[in-house]
Every structure is written in structure tokens, then in C-alpha cells.
1. Specify which of the listed residues (PRO196, PRO214) is closer than 30 Å to GLY154 by Cβ, under 17 Å from the mean Cα position of the chain (by Cα) and of a type outside the set (Ser, Thr, Tyr).
2. Please specify each residue of the stretch 213-267 satisfying the condition of being among the hydroxyl-bearing types (Ser, Thr, Tyr) and in contact with an Asp or Glu (Cβ under 6 Å, 6 or more places away or on another chain).
3. Only one of these is under 27 Å from LEU44 (Cα atoms), among the hydroxyl-bearing types (Ser, Thr, Tyr), more than 19 Å from the chain's Cα centre (by Cα) and modelled with pLDDT of 95 or more: THR209, THR190. Name it.
4. If a residue must be among the charged types (D, E, K, R), closer than 15 Å to ILE199 by Cα and either touching a residue at least 40 places away in the same chain (Cβ under 8 Å) or in contact with a Lys or Arg (Cβ under 8 Å, 6 or more places away or on another chain) (or both), how many such residues does the stretch 245-265 contain?
5. Would you pick out the residues in the stretch 234-244 that are free of Cβ contacts under 8 Å to residues at least 60 places away in the same chain and either surrounded by 14 or more Cβ atoms within 10 Å (Cβ to Cβ) or part of a loop (DSSP other than H, G, I, E, B) (or both)?
6. Please determine whether any residue of the stretch 127-134 is surrounded by fewer than 20 Cβ atoms within 10 Å (Cβ to Cβ) and not hydrophobic (A, V, I, L, M, F, W, C).
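The values are calculated or read from the model by the stated rules, or taken from the named source; none is laboratory data. Please read all numbers here as calculations on a predicted model, not as lab measurements. Cβ placement follows ideal geometry from the backbone for every residue including glycine, while neighbour counts extend to all protein chains displayed.
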Amino acid sequence: MNRKIPGAFFLILCATASLFAQKAKPVPVCRDATFAAFKPLPKLEYECPEELTGSDDELLKFPERTRAIHTLMQALGQFTNAAWWQASVDELDACKVHGSAGALTDDERQQWKQGDFSFDLFGNNEMRLALIADPCYQTGYNGSTAFLLYRKAGRVYVSQLLNGYYSRVDNSVGIDFAKLNGRQIIEVSTANSMPPSLINYYFEIDAATNKAVPKNFFREGRKPTNQIYSDMLMAEPQDVGLPKSATELKVIVNGRLAQSFSAYEESLTNRGIDANGRKLHRIVYRWNGRMYVAR
């Protein structure tokens, strides 16, 4: 669908994509061993119901889709090849792009550096996030569902983390990890452009099931939650008179939970931080030993 984008929105969209697209990754080589271990991620496949549109949230509860997700999770659980886990995600991405072992072509290298490729696999040698496209839901906005693959003792445990995620920003999903009292914490970061914003989701590995469960350590009102929202500054913090450390939702730093971090929301008055025509209010969250609380 070709649709003319208003000038002001186009500028916001470009700025958002520039700020929130993942940092350019060094261009890797698809090694022989990695290509031998490479296999494409399975697809989510089901017939789109005629009575529902692609933006209808009822699709998320459509029985055929639910069954298809169950089948997909079983297929992801078969990703047990040790060589696949030993290969870096970047190298696997290079094999996906190039289609054979060897260095990327000049055109592929240029597209890689420009961020023209969409990536659907993230993580490390123990945990990986698979972002699987949805054939029916929000297809114009990268509609997808995210699954965590956790490898332990040769088995792979699969958990669904995001259901029906979509964004106007390409490559808008990331993953990071931290330890808390010996437990593994997983951060899934997302970005959008209408409005320019971030939402992070947090999970931990349940020791009994080896599945990811929500980590509700943000106090929002009376009920703790596992997600945290922030409007986007659209600038470096120091450029708007803030400390360099006041980046949006910097919850994990070097594999550890930060003692405090910043989030932003639109000001209800005409006072606050000037963020490209919007006035934002800064919220500082501090760790109290059990959860993050706004101060």
C-alpha cells in the first residue's frame, strides 16, 4: 500500500528509526561450519479469517492461530543442534543474507551497514529470541510474535514472550540479560514511532519449568508489572540539559540491573523538557531491594 505521509510525521518517523534501530553491527562472514548448522526459523502459518481485519485484536484469540502457535513452539523446541547454538547470531544472520558460506558481497555489505535487512533472531549461546512474522495480524507494521529459546542440558525450552507485537519501526526489537539473586533476567526492548516511544518487557527463568515468566518488579500504582514505558527524548540527554546517564529505560547496564534509571512522559502542563516540540516530564525509578519505584 502506497500512502502519502505528512511531512511532520515523516520527520518523526525517520528520527525514530534512526535513534531506535539497532546499532550497526560489524559485518560478519558466513563460515562453513555456521552455514552447515544454519536453518531458517519456522513460519507461523494459518488461514486468515475473512470476518476479521488485519488490525482486529480478535485475531490474537483466533483458535486456528492458537493451534498454529502451539505447532510453531514445538518446531522451535527442535533447535537443539549444538553447532547452531555455538555459532553467533550475527554469523547466522550473515548466512541467511548470503545464502551460502563465504563473505557477503559488496552490495550485501553495504545493505548490512545501512540496516536494510530485517533481523529475526537475537541473543547469545544460551538464550535466543525468535521474532516470527504473523501472516494475518498487522502485516503492514511488522506484525509478529516473539519466542524465547532457552538451552539447558541439551534441551530447548520455548516460551512465548510477546503476542501480536507490531511497530512502524524496522528492527525495533532487542534483547538483553542480567542476573538478580542468581536468577536470569531477560529484557525485551521495543520501539515505536506513533508516538515516539519505548516499551520494555522483563521476564525470568522459572527454575522448576525452565520457562520464562513475567518479572513484575516495576511498581505502577498498587499492582506491580513486568513492563515499563517511556516517551522518546529524540535527542541525547546532555543535549537537553540532562545527565548523560538519563537515557530512556537504561535498566540493564553491563549485565546488571541499574540502581536507578529514567523514563519520560508527556507533561500535562506546558513546562518540562523540550523534546522536538513536545514537553516531557522525567521520572526516575530507583531500586529498593525488591522492585523499582518512581521517586
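1. On the way: PRO196 fails: closer than 30 Å to GLY154 by Cβ.
Sole residue among the options that is closer than 30 Å to GLY154 by Cβ, under 17 Å from the mean Cα position of the chain (by Cα) and of a type outside the set (Ser, Thr, Tyr): PRO214.
2. Narrowing the stretch 213-267 to residues among the hydroxyl-bearing types (Ser, Thr, Tyr): 225, 229-230, 245, 247, 260, 262, 264, 267.
Within the stretch 213-267, SER230, TYR264 meet the criteria.
3. Numbers: THR190 fails: more than 19 Å from the chain's Cα centre (by Cα).
Result of the check over THR209, THR190: THR209.
4. Filtering the stretch 245-265 for residues among the charged types (D, E, K, R) gives 248, 250, 256, 265.
Okay, now just the ones that are also closer than 15 Å to ILE199 by Cα, so 248, 250, 265.
Right, trim to either touching a residue at least 40 places away in the same chain (Cβ under 8 Å) or in contact with a Lys or Arg (Cβ under 8 Å, 6 or more places away or on another chain) (or both) and you get 248.
Of the residues in that region, 1 qualify.
5. Going through the stretch 234-244, the residues free of Cβ contacts under 8 Å to residues at least 60 places away in the same chain turn out to be 235-244.
Once the filter is applied, which keeps residues that are free of Cβ contacts under 8 Å to residues at least 60 places away in the same chain and either surrounded by 14 or more Cβ atoms within 10 Å (Cβ to Cβ) or part of a loop (DSSP other than H, G, I, E, B) (or both), the stretch 234-244 yields ALA235, GLU236, PRO237, VAL240, GLY241, LEU242, PRO243, LYS244.
6. Scanning the stretch 127-134, I find no residue that is surrounded by fewer than 20 Cβ atoms within 10 Å (Cβ to Cβ) and not hydrophobic (A, V, I, L, M, F, W, C), so the answer is no.
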